[in-house]
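The values are calculated or read from the model by the stated rules, or taken from the named source; none is laboratory data. Just so we're clear, the structure is a prediction, and the values are computed from it rather than from any experiment. Neighbour counts are summed over all protein chains in view; Cβ atoms, including those assigned to glycine, are modelled from backbone coordinates with ideal geometry.
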Amino acid sequence: MDSRVKADQISRELVTLLPKLRRFAMTLTRNASDADDLVQEACERAITRSHLWNGEGRLESWIYAMTRNLWVDEIRKRKVRTGGGTVDATEQDELIVEATAEKAIYAGQLHKMILSMPEGLSSVFLLVNVEGHSYREAADILGIPIGTVMSRLSTARLRLAAMINGTQEARA
């Protein structure tokens with residue numbers, strides 16, 4: 001396949017992946033501005049390096065892995081610099097749901113709960129439970145063993161259930 005045709009194909013598919021990619025970036029960065037920058041950088045890299053994608057597997061997994069690697073590089077850069085902080089995840093109100101007001105509020109609370117978990121837990125939870133990736137795909141995207149995915153997912157589900165129960169008890 002011609003490299004220009006491949007880049008065009010990836011560009012079209014990226015448009016449909018943007019909402020998912022942004023949610024994934026939020027689990028990594030915990031900051032809307034950083035997530036937007038990360039998504040932009042990942043999209044640019046996917047297009048300019050489209051020749052590196054072999055066409056095997058899901059394009060989505062390739063882009064998620066690229067996004068994670070870009071964020072790891074950014075974290076390394078920030079450790080060298082001073083003052084590279086982020087906004088607390090509990091201050092984020094980025095999830096928009098077209099539904100009743102009560103559902104929208106609940107979705108926002110759920111989004112904050114997911115982002116309040118440590119990065120390793122929230123990323124695994126998002127990839128498997130929200131985006132529908134298999135354990136193997138999540139392991140490949142995050143560069144961790146499948147057993148670690150299962151362990152983190154179990155921990156994330158238990159934490160989320162405890163947080164939800166705590167919220168519901170507080171409402172009563």
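Is at least one residue of the stretch 70-85 at pLDDT 90 or above, under 12 Å from the mean Cα position of the chain (by Cα) and either in a helix (DSSP H, G or I) or among the aliphatic types (A, V, I, L, M) (or both)?
Checking the stretch 70-85: at least one residue is at pLDDT 90 or above, under 12 Å from the mean Cα position of the chain (by Cα) and either in a helix (DSSP H, G or I) or among the aliphatic types (A, V, I, L, M) (or both).
Going by what's in this entry, would R22 be described as at pLDDT 85 or above and part of a helix (DSSP H, G or I)?
For R22, the condition - at pLDDT 85 or above and part of a helix (DSSP H, G or I) - is met.
Would you point out the residue of the stretch 7-38, among those that are hydrophobic (A, V, I, L, M, F, W, C) and under 15 Å from W62 (Cβ atoms), that is surrounded by the most Cβ atoms within 10 Å (Cβ to Cβ)?
F24
Restricting the search to the stretch 114-136, which residues are part of a helix (DSSP H, G or I) and crowded, with 20+ Cβ neighbours inside 10 Å?
Within the stretch 114-136, I114, L115, L121, S122, S123, V124, F125, L126, L127, V128 qualify.
Report, ordered by the first and then the second residue, all pairs with beta carbons closer than 7 Å, sequence separation of six or more or different chains, a first member in the stretch 100-129 that is farther than 24 Å from T148 by Cβ, and a second member that is of a type in the set (V, I, T).
Cβ pairs passing all conditions: K103/V97; A104/V97; A107/V97; Q109/T167; K112/T90.
State whether the residues of the stretch 137-154 include one that is out of contact with any Gly (no Cβ under 9 Å at 6 or more places or on another chain), within 21 Å of A35 (Cα to Cα) and either exposed (fewer than 13 other Cβ atoms within 10 Å of the Cβ) or modelled with pLDDT under 85 (or both).
yes
Under 8 Å between Cβ atoms, which residue pairs at least 6 apart in sequence (or on different chains) link something in the stretch 49-61 that is in a loop (DSSP other than H, G, I, E, B) with a partner that is surrounded by fewer than 11 Cβ atoms within 10 Å (Cβ to Cβ) and not small (G, A, S)?
Short answer, once both residue conditions are applied: G55/M1.
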